[in-house]
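The values are calculated or read from the model by the stated rules, or taken from the named source; none is laboratory data. Computed from a prediction, not measured in an experiment: that's the story for all the values here. Quick reminder, even Gly has a Cβ in these numbers, built from the backbone with ideal geometry, and neighbours come from all protein chains shown. Ligands, DNA and RNA are excluded from the accessible area calculation, which covers all protein heavy atoms including side chains. Shrake-Rupley method; radii C 1.70, N 1.55, O 1.52, S 1.80 Å.
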Amino acid sequence: MTTTTLTRADLTEAVFQAVGLSRNESAQMVEDILEELCAALARGETVKLSSFGTFAVRQKSQRMGRNPKTGDEVPIAPRRVLVFRPSHVLKAVINGQTPDPELGEGD
Amino acid sequence: MIKSELVARLTARYPHLYHRDVERIVSTVLDQITKALAEGHRVELRGFGAFSVKVRPARMGRNPRTGEPVSVDEKRAPFFRTGKELRERLNINGSGS
């Protein structure tokens, strides 16, 4: 199986094909979608995209880590991390199944 | 933020577009990502993050109620890794909120 990577350019092309926007506007739109997602997450909001998944910001408290090279103990500062929980629909599609309607759209 | 709020925010940025066109664009983007992952591809969006598919090998599991061994088939799971820029943006105020 050859693994190709989908990038902004591919998304731009798909948007361009889907609606009557110019290529430039399509590229800008893809950029703006990502920017709105990033901005909401930076505000600490949870982003729920039904039938795709949920992006949530999680607060991590300080803990002790170790420098793997020297073995020194170093504190890892408290920080916010992003977690993605795929929806049932996305998981099903990736496994080549039809999404189970019983589970609804998922979150 | 949910999908409809995302669409509303974008519609405000593009006053010349109809709400339903923006809805279609957002769905197109998500569908493209889903499709690529279903085909086993990676999706890399610099500044945001990268989606990939992890293969969980088949294994012997156990029915936790009866203790009976059951075989669990190979599974594919979508995986998201936050991009560098977004990771930094989440922590812009140093220690987080």
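Computed on the Cα trace of chain A, the radius of gyration divided by the Kirkwood hydrodynamic radius gives Rg/Rh = 1.11. So which lysines can B:LYS54 reach, going by Cα to Cα under 20 Å and dropping same-chain residues fewer than 8 places off? Within the straight-line limit of under 20 Å, B:LYS54 reaches these lysines: A:LYS91, B:LYS35, B:LYS75. Roughly what percent of Cα-Cα pairs across the protein assembly as shown reach past 21 Å? Of all Cα-Cα distances in the protein assembly as shown, 61 percent exceed 21 Å. For chain B, set up a GNM with springs between Cα atoms under 10 Å and report which of B:SER52, B:SER71, B:SER27 has the largest fluctuation. Among B:SER52, B:SER71, B:SER27, the largest GNM mean-square fluctuation belongs to B:SER71.
Straight-line reach from B:LYS3: which aspartates and glutamates have Cα under 17 Å away, leaving out those fewer than 8 places along the same chain? The qualifying aspartates and glutamates are A:GLU31, A:ASP32, A:GLU35, A:GLU36, A:GLU45, A:GLU105, A:ASP107, B:ASP21, B:GLU23, B:ASP31.
Amide H contacts of A:GLY53 (H built 1.01 Å from N, in plane; Pro and chain starts excluded): A:SER87 sit under 5 Å, all sequence-distant by 5 or more or on other chains.
Pairwise inverse Cα distances across chain B, averaged and inverted, put the Kirkwood hydrodynamic radius at 17.0 Å.
Using only atoms on other chains, find how many Cβ atoms lie within 10 Å of each Cβ of peptide A:92-98 and report the average.
Neighbouring Cβ atoms belonging to other protein chains average 4 per residue here.
Between chain A and chain B, the total buried accessible area stands at approximately 4700 Å², from heavy atoms with a 1.4 Å probe. Mean sequence separation of contacting Cα pairs (under 8 Å, at least six apart), scaled by the length of chain A, corresponds to a relative contact order of 20 percent.
Neighbouring Cβ atoms from other chains, within 10 Å of the Cβ of residues in A:56-65, number 1 on average. So, counting K/R as plus one and D/E as minus one, what does the shell of residues with Cβ under 11 Å around B:ALA36 add up to? Once positives and negatives cancel, what remains is -2.
Taking amide H atoms as placed 1.01 Å from N in the peptide plane, the amide H of A:LEU6 lies under 5 Å from those of B:ARG42, B:VAL43, B:GLU44, each 5 or more residues away in sequence or on another chain. Excluding ligands, DNA and RNA, the accessible surface per residue across the stretch B:32-97 is 65 Å² with a 1.4 Å probe. A protection proxy built from the mean count of other Cβ atoms within 10 Å ranks the segments B:79-88, A:34-43, most packed first, as A:34-43, B:79-88. Surface analysis of the stretch A:1-86 yields an accessible area of 55 Å² per residue, using protein heavy atoms and a 1.4 Å probe. Counting Cβ atoms of other protein chains within 10 Å of each residue's Cβ and taking the mean over peptide B:7-14 gives 3. Carbon-plus-sulfur accessible fraction, the protein assembly as shown (probe radius 1.4 Å, protein heavy atoms only): 50%.
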